[in-house]
Amino acid sequence: MSAERVATAVAQPNIALVKYWGKRDDRLILPHTDSLSMTLDVFPTTTTVRLAPAWVGDSATLNGASLTGEALRRISAFLALLRELAGRTEAAVVHTTNTVPTGAGLASSASGFAALAVAGAAAYGLDLDATALSRLARRGSGSACRSIHGGFVIWYADAGAGVTPDLRSYAEPLGEARLDPALVIASVDTGPKVASSRDAMRHTVDTSPLYRAWTDACRADAVDMRAALRRGDLDAVGEIAERNALGMHATMLAARPPVRYLSPATLAVLDAVEQLRCDGVSAYATMDAGPNVKVLCHRADAPVVAEAVRPAAPSAPVVIAGRGRGARLSTEAAP
Ligand code: 2P0
(Lines give C-alpha, C1' and ligand atoms only; values in the text may rest on other atoms or scores of the structure.)
Protein backbone atom coordinates (compact mmCIF):
# COMPACT_ATOMS: atom_id res chain seq x y z
CA MET A 1 0.00 0.00 0.00
CA SER A 2 1.45 3.33 -0.99
CA ALA A 3 0.33 6.77 0.23
CA GLU A 4 -1.94 7.04 -2.82
CA ARG A 5 -4.04 4.16 -1.45
CA VAL A 6 -3.79 1.41 -4.00
CA ALA A 7 -3.69 -2.35 -3.51
CA THR A 8 -3.65 -5.43 -5.73
CA ALA A 9 -4.80 -8.95 -4.88
CA VAL A 10 -4.84 -12.32 -6.62
CA ALA A 11 -7.46 -15.03 -6.11
CA GLN A 12 -8.30 -18.33 -7.77
CA PRO A 13 -11.64 -20.03 -8.44
CA ASN A 14 -12.94 -22.86 -6.32
CA ILE A 15 -15.00 -25.87 -7.33
CA ALA A 16 -17.64 -27.04 -4.88
CA LEU A 17 -17.68 -30.76 -4.07
CA VAL A 18 -20.85 -30.19 -2.03
CA LYS A 19 -22.69 -27.37 -3.76
CA TYR A 20 -24.23 -24.11 -2.64
CA TRP A 21 -27.56 -23.72 -4.44
CA GLY A 22 -30.06 -21.44 -2.75
CA LYS A 23 -30.12 -18.53 -0.32
CA ARG A 24 -32.20 -18.00 2.77
CA ASP A 25 -31.34 -14.28 2.65
CA ASP A 26 -30.74 -12.66 -0.74
CA ARG A 27 -29.41 -9.37 0.61
CA LEU A 28 -26.84 -10.79 3.03
CA ILE A 29 -26.17 -13.83 0.78
CA LEU A 30 -26.83 -16.42 3.47
CA PRO A 31 -27.14 -19.96 2.07
CA HIS A 32 -29.57 -22.67 3.09
CA THR A 33 -26.81 -25.26 3.51
CA ASP A 34 -23.08 -25.67 4.15
CA SER A 35 -20.91 -26.20 1.07
CA LEU A 36 -17.40 -27.67 0.63
CA SER A 37 -14.93 -26.82 -2.09
CA MET A 38 -11.40 -27.07 -3.43
CA THR A 39 -9.59 -23.89 -4.41
CA LEU A 40 -7.79 -24.35 -7.72
CA ASP A 41 -4.22 -23.52 -8.76
CA VAL A 42 -5.33 -22.27 -12.20
CA PHE A 43 -7.23 -19.29 -13.68
CA PRO A 44 -6.08 -16.51 -11.32
CA THR A 45 -7.96 -13.23 -11.13
CA THR A 46 -5.86 -10.12 -10.41
CA THR A 47 -7.62 -7.02 -9.13
CA THR A 48 -6.21 -3.58 -8.41
CA VAL A 49 -8.22 -1.05 -6.38
CA ARG A 50 -7.12 2.58 -6.41
CA LEU A 51 -8.98 5.17 -4.35
CA ALA A 52 -10.16 8.35 -6.05
CA PRO A 53 -12.06 11.45 -4.91
CA ALA A 54 -15.71 10.66 -4.11
CA TRP A 55 -17.05 12.93 -6.87
CA VAL A 56 -15.35 10.76 -9.54
CA GLY A 57 -17.67 7.81 -8.78
CA ASP A 58 -16.73 4.14 -8.91
CA SER A 59 -15.46 2.67 -12.18
CA ALA A 60 -14.29 -0.78 -13.16
CA THR A 61 -12.68 -2.59 -16.07
CA LEU A 62 -12.56 -6.32 -16.79
CA ASN A 63 -9.75 -7.44 -19.08
CA GLY A 64 -9.43 -3.84 -20.27
CA ALA A 65 -13.12 -3.25 -21.10
CA SER A 66 -15.18 -0.81 -19.03
CA LEU A 67 -17.98 -2.37 -17.01
CA THR A 68 -21.43 -0.79 -16.98
CA GLY A 69 -24.95 -1.72 -15.90
CA GLU A 70 -25.53 -4.60 -13.50
CA ALA A 71 -21.85 -5.67 -13.42
CA LEU A 72 -20.72 -2.21 -12.29
CA ARG A 73 -23.67 -1.87 -9.91
CA ARG A 74 -22.66 -5.10 -8.11
CA ILE A 75 -19.07 -3.93 -7.73
CA SER A 76 -20.14 -0.48 -6.56
CA ALA A 77 -22.54 -1.97 -3.98
CA PHE A 78 -19.65 -4.06 -2.69
CA LEU A 79 -17.36 -1.02 -2.52
CA ALA A 80 -20.07 0.79 -0.56
CA LEU A 81 -19.84 -1.97 2.07
CA LEU A 82 -16.08 -1.43 2.30
CA ARG A 83 -16.59 2.33 2.65
CA GLU A 84 -19.12 1.79 5.42
CA LEU A 85 -16.76 -0.55 7.30
CA ALA A 86 -13.80 1.79 6.86
CA GLY A 87 -15.70 5.02 7.55
CA ARG A 88 -14.29 6.47 4.31
CA THR A 89 -15.97 8.16 1.37
CA GLU A 90 -13.55 7.85 -1.57
CA ALA A 91 -14.66 6.23 -4.80
CA ALA A 92 -12.61 3.38 -6.28
CA VAL A 93 -11.11 2.68 -9.67
CA VAL A 94 -11.04 -1.11 -10.11
CA HIS A 95 -9.03 -2.98 -12.74
CA THR A 96 -9.49 -6.74 -13.02
CA THR A 97 -7.86 -9.29 -15.26
CA ASN A 98 -9.56 -12.64 -15.35
CA THR A 99 -8.00 -15.71 -16.91
CA VAL A 100 -11.07 -17.92 -16.44
CA PRO A 101 -13.69 -17.74 -19.23
CA THR A 102 -16.25 -15.36 -17.69
CA GLY A 103 -19.79 -16.68 -17.37
CA ALA A 104 -19.01 -20.29 -18.28
CA GLY A 105 -19.82 -21.90 -14.95
CA LEU A 106 -16.19 -21.86 -13.86
CA ALA A 107 -16.81 -19.58 -10.90
CA SER A 108 -15.30 -16.32 -12.17
CA SER A 109 -17.40 -14.41 -9.62
CA ALA A 110 -15.75 -16.44 -6.83
CA SER A 111 -12.20 -15.42 -7.70
CA GLY A 112 -13.41 -11.95 -8.73
CA PHE A 113 -15.07 -10.98 -5.47
CA ALA A 114 -12.39 -12.73 -3.36
CA ALA A 115 -9.71 -10.63 -5.09
CA LEU A 116 -11.86 -7.48 -4.82
CA ALA A 117 -12.44 -8.08 -1.08
CA VAL A 118 -8.72 -8.46 -0.35
CA ALA A 119 -7.56 -5.57 -2.56
CA GLY A 120 -10.45 -3.31 -1.57
CA ALA A 121 -10.00 -3.93 2.18
CA ALA A 122 -6.31 -3.01 1.88
CA ALA A 123 -6.97 0.07 -0.24
CA TYR A 124 -9.59 1.38 2.19
CA GLY A 125 -7.23 0.68 5.12
CA LEU A 126 -9.24 -2.12 6.74
CA ASP A 127 -7.29 -4.63 8.82
CA LEU A 128 -9.41 -7.79 8.49
CA ASP A 129 -8.53 -11.36 9.38
CA ALA A 130 -9.31 -14.23 6.98
CA THR A 131 -12.71 -14.92 8.59
CA ALA A 132 -13.75 -11.29 8.25
CA LEU A 133 -12.50 -11.21 4.65
CA SER A 134 -14.49 -14.38 3.93
CA ARG A 135 -17.69 -12.84 5.34
CA LEU A 136 -17.04 -9.73 3.31
CA ALA A 137 -16.37 -11.63 0.05
CA ARG A 138 -19.63 -13.55 0.66
CA ARG A 139 -21.54 -10.28 0.31
CA GLY A 140 -20.18 -9.89 -3.24
CA SER A 141 -20.86 -13.46 -4.37
CA GLY A 142 -21.57 -16.40 -2.10
CA SER A 143 -18.95 -18.74 -3.52
CA ALA A 144 -16.28 -16.00 -3.23
CA CYS A 145 -16.11 -16.54 0.54
CA ARG A 146 -14.53 -19.95 -0.16
CA SER A 147 -11.80 -18.55 -2.48
CA ILE A 148 -10.38 -16.50 0.41
CA HIS A 149 -8.83 -19.78 1.58
CA GLY A 150 -6.64 -22.31 -0.20
CA GLY A 151 -7.03 -26.10 -0.47
CA PHE A 152 -10.22 -27.69 0.85
CA VAL A 153 -12.70 -25.27 2.38
CA ILE A 154 -16.05 -25.37 4.17
CA TRP A 155 -18.55 -22.49 4.03
CA TYR A 156 -20.85 -22.61 7.02
CA ALA A 157 -24.42 -21.63 6.27
CA ASP A 158 -24.63 -20.65 9.92
CA ALA A 159 -21.63 -21.31 12.15
CA GLY A 160 -23.75 -20.41 15.17
CA ALA A 161 -21.08 -18.03 16.49
CA GLY A 162 -21.81 -14.32 16.26
CA VAL A 163 -24.72 -12.15 17.21
CA THR A 164 -26.02 -11.22 13.77
CA PRO A 165 -26.73 -13.57 10.86
CA ASP A 166 -24.03 -11.79 8.84
CA LEU A 167 -21.39 -12.74 11.42
CA ARG A 168 -22.43 -16.37 11.48
CA SER A 169 -21.77 -17.35 7.86
CA TYR A 170 -18.19 -17.60 6.56
CA ALA A 171 -15.72 -20.10 5.13
CA GLU A 172 -12.69 -21.66 6.73
CA PRO A 173 -10.04 -24.13 5.60
CA LEU A 174 -10.61 -27.83 6.28
CA GLY A 175 -7.28 -28.46 7.94
CA GLU A 176 -8.06 -32.12 8.44
CA ALA A 177 -8.44 -32.87 4.70
CA ARG A 178 -5.84 -35.43 3.60
CA LEU A 179 -6.11 -35.44 -0.17
CA ASP A 180 -4.17 -33.92 -3.05
CA PRO A 181 -6.21 -34.79 -6.15
CA ALA A 182 -6.45 -33.33 -9.63
CA LEU A 183 -9.53 -31.73 -11.16
CA VAL A 184 -9.53 -32.16 -14.92
CA ILE A 185 -11.57 -29.36 -16.48
CA ALA A 186 -13.39 -30.26 -19.67
CA SER A 187 -14.77 -27.03 -21.12
CA VAL A 188 -17.46 -28.11 -23.53
CA ASP A 189 -18.71 -24.56 -24.08
CA THR A 190 -17.00 -21.33 -23.01
CA GLY A 191 -19.80 -19.02 -24.18
CA PRO A 192 -22.10 -17.10 -21.82
CA LYS A 193 -24.38 -19.22 -19.65
CA VAL A 194 -28.10 -19.69 -20.24
CA ALA A 195 -29.03 -18.01 -16.94
CA SER A 196 -27.01 -16.30 -14.21
CA SER A 197 -26.52 -18.57 -11.23
CA ARG A 198 -28.03 -15.87 -9.03
CA ASP A 199 -31.32 -15.83 -10.97
CA ALA A 200 -31.37 -19.60 -11.50
CA MET A 201 -30.75 -20.23 -7.82
CA ARG A 202 -33.62 -18.01 -6.71
CA HIS A 203 -35.94 -19.53 -9.31
CA THR A 204 -35.02 -23.05 -8.11
CA VAL A 205 -35.72 -22.20 -4.46
CA ASP A 206 -39.03 -20.58 -5.40
CA THR A 207 -40.40 -23.20 -7.79
CA SER A 208 -38.66 -26.60 -7.59
CA PRO A 209 -40.76 -29.18 -5.73
CA LEU A 210 -37.47 -31.03 -5.09
CA TYR A 211 -35.84 -28.14 -3.25
CA ARG A 212 -36.55 -29.43 0.26
CA ALA A 213 -35.15 -32.87 -0.64
CA TRP A 214 -32.06 -31.15 -2.06
CA THR A 215 -31.30 -29.32 1.18
CA ASP A 216 -31.76 -32.53 3.20
CA ALA A 217 -29.42 -34.44 0.86
CA CYS A 218 -26.90 -31.62 0.88
CA ARG A 219 -26.67 -31.58 4.68
CA ALA A 220 -26.02 -35.34 4.71
CA ASP A 221 -23.48 -35.00 1.87
CA ALA A 222 -21.56 -32.30 3.78
CA VAL A 223 -21.19 -34.61 6.81
CA ASP A 224 -20.13 -37.56 4.63
CA MET A 225 -17.75 -35.39 2.59
CA ARG A 226 -15.94 -34.10 5.67
CA ALA A 227 -15.40 -37.66 6.87
CA ALA A 228 -14.21 -38.82 3.42
CA LEU A 229 -11.75 -35.92 3.16
CA ARG A 230 -10.45 -36.69 6.65
CA ARG A 231 -9.83 -40.30 5.57
CA GLY A 232 -8.21 -39.14 2.31
CA ASP A 233 -10.61 -41.46 0.49
CA LEU A 234 -10.72 -40.20 -3.10
CA ASP A 235 -13.37 -42.70 -4.24
CA ALA A 236 -15.74 -41.68 -1.46
CA VAL A 237 -15.05 -37.96 -2.06
CA GLY A 238 -15.72 -38.47 -5.77
CA GLU A 239 -18.91 -40.48 -5.28
CA ILE A 240 -20.33 -37.87 -2.89
CA ALA A 241 -19.30 -34.98 -5.16
CA GLU A 242 -20.85 -36.60 -8.24
CA ARG A 243 -24.14 -37.50 -6.56
CA ASN A 244 -24.33 -34.01 -5.04
CA ALA A 245 -23.81 -32.29 -8.41
CA LEU A 246 -26.36 -34.52 -10.13
CA GLY A 247 -28.83 -33.84 -7.30
CA MET A 248 -28.36 -30.09 -7.74
CA HIS A 249 -29.00 -30.33 -11.48
CA ALA A 250 -32.01 -32.60 -10.92
CA THR A 251 -33.44 -30.00 -8.53
CA MET A 252 -32.96 -27.28 -11.16
CA LEU A 253 -34.47 -29.45 -13.89
CA ALA A 254 -37.58 -29.79 -11.74
CA ALA A 255 -37.96 -26.00 -11.43
CA ARG A 256 -40.91 -24.46 -13.31
CA PRO A 257 -39.88 -23.62 -15.98
CA PRO A 258 -36.77 -25.83 -15.79
CA VAL A 259 -33.19 -24.56 -15.58
CA ARG A 260 -31.03 -26.71 -17.82
CA TYR A 261 -27.30 -26.05 -17.89
CA LEU A 262 -26.30 -29.54 -19.00
CA SER A 263 -25.86 -30.06 -22.73
CA PRO A 264 -25.41 -33.15 -24.93
CA ALA A 265 -21.65 -32.52 -24.74
CA THR A 266 -21.86 -32.57 -20.92
CA LEU A 267 -23.51 -35.99 -21.08
CA ALA A 268 -20.82 -37.22 -23.50
CA VAL A 269 -18.17 -36.27 -20.90
CA LEU A 270 -20.19 -38.07 -18.21
CA ASP A 271 -20.19 -41.18 -20.45
CA ALA A 272 -16.41 -40.92 -20.80
CA VAL A 273 -16.06 -40.65 -17.00
CA GLU A 274 -18.23 -43.71 -16.50
CA GLN A 275 -16.13 -45.63 -19.02
CA LEU A 276 -12.96 -44.62 -17.14
CA ARG A 277 -14.45 -46.13 -13.98
CA CYS A 278 -15.34 -49.31 -15.86
CA ASP A 279 -11.66 -49.43 -16.90
CA GLY A 280 -10.59 -49.18 -13.26
CA VAL A 281 -9.66 -45.47 -13.13
CA SER A 282 -11.02 -43.51 -10.15
CA ALA A 283 -12.72 -40.57 -11.91
CA TYR A 284 -15.80 -38.61 -10.77
CA ALA A 285 -17.62 -35.71 -12.38
CA THR A 286 -19.03 -32.45 -11.07
CA MET A 287 -20.83 -29.66 -12.94
CA ASP A 288 -21.71 -26.12 -11.85
CA ALA A 289 -23.94 -23.46 -13.38
CA GLY A 290 -22.87 -24.32 -16.90
CA PRO A 291 -22.27 -27.31 -19.20
CA ASN A 292 -18.58 -27.79 -18.35
CA VAL A 293 -17.40 -30.82 -16.40
CA LYS A 294 -14.66 -31.07 -13.80
CA VAL A 295 -13.36 -34.57 -13.21
CA LEU A 296 -11.86 -35.48 -9.85
CA CYS A 297 -9.10 -38.07 -9.99
CA HIS A 298 -5.70 -39.03 -8.59
CA ARG A 299 -2.96 -36.69 -9.85
CA ALA A 300 -1.14 -39.62 -11.43
CA ASP A 301 -4.26 -40.48 -13.48
CA ALA A 302 -4.91 -36.90 -14.67
CA PRO A 303 -3.22 -37.28 -18.12
CA VAL A 304 -5.25 -40.46 -18.82
CA VAL A 305 -8.45 -38.75 -17.70
CA ALA A 306 -7.67 -35.66 -19.80
CA GLU A 307 -7.10 -37.86 -22.85
CA ALA A 308 -10.38 -39.72 -22.27
CA VAL A 309 -12.57 -36.62 -21.99
CA ARG A 310 -10.88 -34.60 -24.77
CA PRO A 311 -12.95 -36.02 -27.69
CA ALA A 312 -16.14 -34.99 -25.88
CA ALA A 313 -14.83 -31.46 -25.17
CA PRO A 314 -13.08 -30.28 -28.33
CA SER A 315 -13.98 -26.56 -28.04
CA ALA A 316 -11.25 -25.62 -25.56
CA PRO A 317 -8.05 -27.15 -24.15
CA VAL A 318 -8.57 -29.60 -21.27
CA VAL A 319 -6.94 -28.13 -18.15
CA ILE A 320 -5.50 -30.14 -15.26
CA ALA A 321 -5.89 -28.25 -11.97
CA GLY A 322 -4.63 -29.04 -8.48
CA ARG A 323 -5.09 -27.51 -5.03
CA GLY A 324 -4.41 -23.79 -5.04
CA ARG A 325 -3.76 -20.99 -2.57
CA GLY A 326 -6.21 -18.60 -1.00
CA ALA A 327 -6.64 -14.94 -2.00
CA ARG A 328 -3.63 -12.75 -1.17
CA LEU A 329 -2.16 -9.32 -1.71
CA SER A 330 0.26 -8.98 -4.60
CA THR A 331 2.92 -6.47 -5.55
CA GLU A 332 2.07 -6.68 -9.25
CA ALA A 333 -0.76 -4.42 -10.39
CA ALA A 334 -3.46 -5.72 -12.73
CA PRO A 335 -2.42 -4.66 -16.24
C1 2P0 B 1 -21.14 -23.53 -5.89
N2 2P0 B 1 -22.38 -22.28 -7.63
O3 2P0 B 1 -21.27 -24.02 -4.75
C4 2P0 B 1 -22.40 -23.39 -6.71
C5 2P0 B 1 -22.64 -24.59 -7.56
C6 2P0 B 1 -22.72 -22.66 -8.95
C7 2P0 B 1 -23.14 -24.07 -8.87
O8 2P0 B 1 -21.82 -20.82 -6.05
O9 2P0 B 1 -25.70 -15.29 -6.09
O10 2P0 B 1 -22.04 -16.93 -8.22
O11 2P0 B 1 -23.34 -14.50 -6.23
O12 2P0 B 1 -24.08 -15.89 -4.31
O13 2P0 B 1 -21.63 -17.57 -5.81
C14 2P0 B 1 -22.46 -19.90 -8.05
O15 2P0 B 1 -23.12 -18.97 -7.29
O16 2P0 B 1 -23.93 -16.89 -6.58
C17 2P0 B 1 -22.20 -21.03 -7.18
P18 2P0 B 1 -24.28 -15.58 -5.76
P19 2P0 B 1 -22.56 -17.52 -6.97
O20 2P0 B 1 -20.02 -23.23 -6.35
Of all accessible heavy-atom area on the chain, the percent that carbon and sulfur account for (1.4 Å) = 54 percent
Quarter of Cα convex hull surface for the range 1-86, i.e. mean projection, nm² = 7.8 nm²
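If you count, for each residue, the other Cβ atoms within 10 Å and average over each peptide, how do 274-283, 152-161 line up from highest to lowest? Provide the component values of the computation, followed by the final result.
Details: 274-283: 14.6, 152-161: 19.0.
Highest mean packing first, the order is 152-161, 274-283.
Looking at the range 3-175, what % of the alpha carbon pairs are farther apart than 24 Å? Present the calculation step by step, with values, prior to reporting the outcome.
Numbers: 4523 of 14878 pairs.
Tail of P(r) above 24 Å: 30 percent of Cα pairs.
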Please tell me the relative contact order of the range 81-181 in percent, rounded to the nearest whole number, where contacts are Cα pairs under 8 Å and at least six residues apart.
-> 21 percent
Starting from the Cα-Cα distance between D233 and D127, subtract it from 0.36 nm times their residue separation and give me the gain in nm to one decimal.
-> 34.4 nm
Order of 306-316, 11-21 by packing, highest average Cβ count within 10 Å first?
-> 11-21, 306-316
Residue-averaged 222 nm ellipticity for the chain, from DSSP H runs of 4+ at -39500 (n - 2.57), nearest 500 = -12000 deg cm²/dmol
Hey, in the GNM for the chain with a 10 angstrom Cα cutoff, which one of T45, T33, T89 fluctuates hardest?
-> T89
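Counting only complete DSSP H runs, which helices of the chain cover 24 Å or more along their long axis at the Cα atoms and score a mean Kyte-Doolittle of 0.5 or above?
Working: long enough: 69-86 (25 Å, 0.66); 211-231 (30 Å, -0.60); 234-253 (28 Å, 0.39).
Passing helices, by number: 69-86.
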Given the Cα-Cα distance of E332 and N63 and 0.36 nm per residue of separation, how much length would full extension add, in nm?
-> 95.3 nm
Which one of T33, N63, A7 is farthest out on the positive end of the charge dipole of the range 1-76, using unit charges on Cβ (Lys, Arg +1; Asp, Glu -1) and the Cα centre as origin?
-> T33
Relative contact order for the range 182-321, counting Cα pairs under 8 Å that sit 6 or more residues apart, in percent = 43 percent
Using the alpha-carbon centroid of each, what span in Å lies between the range 252-277 and the range 1-71?
-> 28 Å
With every protein chain present, what is the per residue accessible area of the chain (1.4 Å probe, Å²)?
-> 40 Å²
Give the dimensionless ratio obtained when the Cα radius of gyration of the range 197-335 is divided by 2.2 N^0.38 Å.
-> 1.18
Zone residues, the range 109-141, relative to L167, backbone N less than 19 Å from point 7 Å out along Cα-to-Cβ = 127-139
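The values are calculated or read from the model by the stated rules, or taken from the named source; none is laboratory data. These numbers come from a predicted model, not from an experiment. In this analysis, Cβ positions are derived from the backbone assuming ideal geometry, glycine residues included, and neighbour counts consider all displayed protein chains. Just the protein is used for accessible areas: all its heavy atoms, side chains included, with ligands, DNA and RNA removed. Shrake-Rupley method; radii C 1.70, N 1.55, O 1.52, S 1.80 Å.
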